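The values are calculated or read from the model by the stated rules, or taken from the named source; none is laboratory data. Predicted model, so just to flag it, every value in this text is computed and none were measured. Note: ideal-geometry Cβ built from the backbone for every residue, glycine included; neighbour counts use all protein chains shown. For the accessible areas, the whole protein counts, side chains as well, though only heavy atoms, and no ligand, DNA or RNA atoms are used. Shrake-Rupley method; radii C 1.70, N 1.55, O 1.52, S 1.80 Å.
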Amino acid sequence: MTDVMLLWDTPILFEKLFKEHGYECLRVDGNSLGTPFLPASKCLMVPTGFANPAYTKVAKGIENKGDKIANFVKRGGVLVVFGACMPEYEYEWLPFELSYVEEHMQSPLEVVDDSMPCIIGEPQEPVECDGYFSRTDGEVILKDEQGRAVMVKKEFGEGLIIATTVHEFPSADFLGCAVDQGKNTRL
């Protein structure tokens, strides 16, 4: 069984992170989303920089298969998506409103909603972020010191979407929550 599908087109350090924590991870290309060849998974993770062609070519596949991703979440999967690493980006492929502005910074974070484990160990220490969400109708979980959203969540159907601009590896507790909360679902 695959715990996490990592949406990227070349080897990436995230794969090692999941394996270190005992999760079965499969890296998939954006164009393979929605094909019958992908196994079921509990969590789909889209790493930082997915929209920037200098890092990867997965954006077009993601944007063209937004309905497949939404159905994955609706049926109980968990989607974790990071910052786009573009000056501005509209997450139009998500089933809720989310707008991103790139601004690399280090900031202590304010926990607004503690219903899930924090993505990083100590949010009071300065945390690296690659931007913030300028507009969303999701629930804000974390804010930077200027009060801007850097992590939001949105329940959709039986599943959950988590979007963040935190530019650090997620904590083991956060990874566990994201995987354990998801239902084994086909994309």
*Residue by residue through segment 85-119, note down the ones that are under 21 Å from Pro170 (Cβ atoms) and assigned to a strand (DSSP E or B).*
Tyr89, Leu98, Tyr100, Glu102, Glu103, His104, Met105, Gln106, Ser107, Glu110, Val111
*Search segment 81-105 for residues being open to solvent by 30 Å² or more (accessible area, probe 1.4 Å) and touching a residue at least 60 places away in the same chain (Cβ under 8 Å), and hand back the single one that is nearest to the chain's Cα centre (by Cα).*
Pro95
*Would you please list the contacts, defined by Cβ atoms under 8 Å and residues six or more apart or on different chains, that run from a residue in segment 156-183 that is closer than 17 Å to Glu128 by Cβ to a residue that is small (Gly, Ala, Ser)?*
Ala163/Gly138; Thr164/Gly83; Thr165/Gly83; Thr165/Gly131; His167/Gly83; Pro170/Ala178; Ser171/Gly121
*Considering residues of segment 50-71 that are open to solvent by 10 Å² or more (accessible area, probe 1.4 Å) and aliphatic (A, V, I, L, M) only, the residue nearest to Gly159 (Cα to Cα)*: Ala70
_I'm trying to understand the selection: among the residues of segment 143-181, which are buried (at least 23 other Cβ atoms within 10 Å of the Cβ) and modelled with pLDDT under 95?_
Pro170, Leu175, Ala178
_Criterion (closer than 30 Å to Glu145 by Cβ and at pLDDT below 95) met by exactly one of Leu109, Leu79, Leu33, Leu94_ = Leu109
*State all residues of segment 47-80 that are β-branched (Val, Ile, Thr), touching a residue at least 60 places away in the same chain (Cβ under 8 Å) and in contact with a Phe, Trp or Tyr (Cβ under 7 Å, 6 or more places away or on another chain); if no residue qualifies, say none.*
Thr48, Ile69, Val73
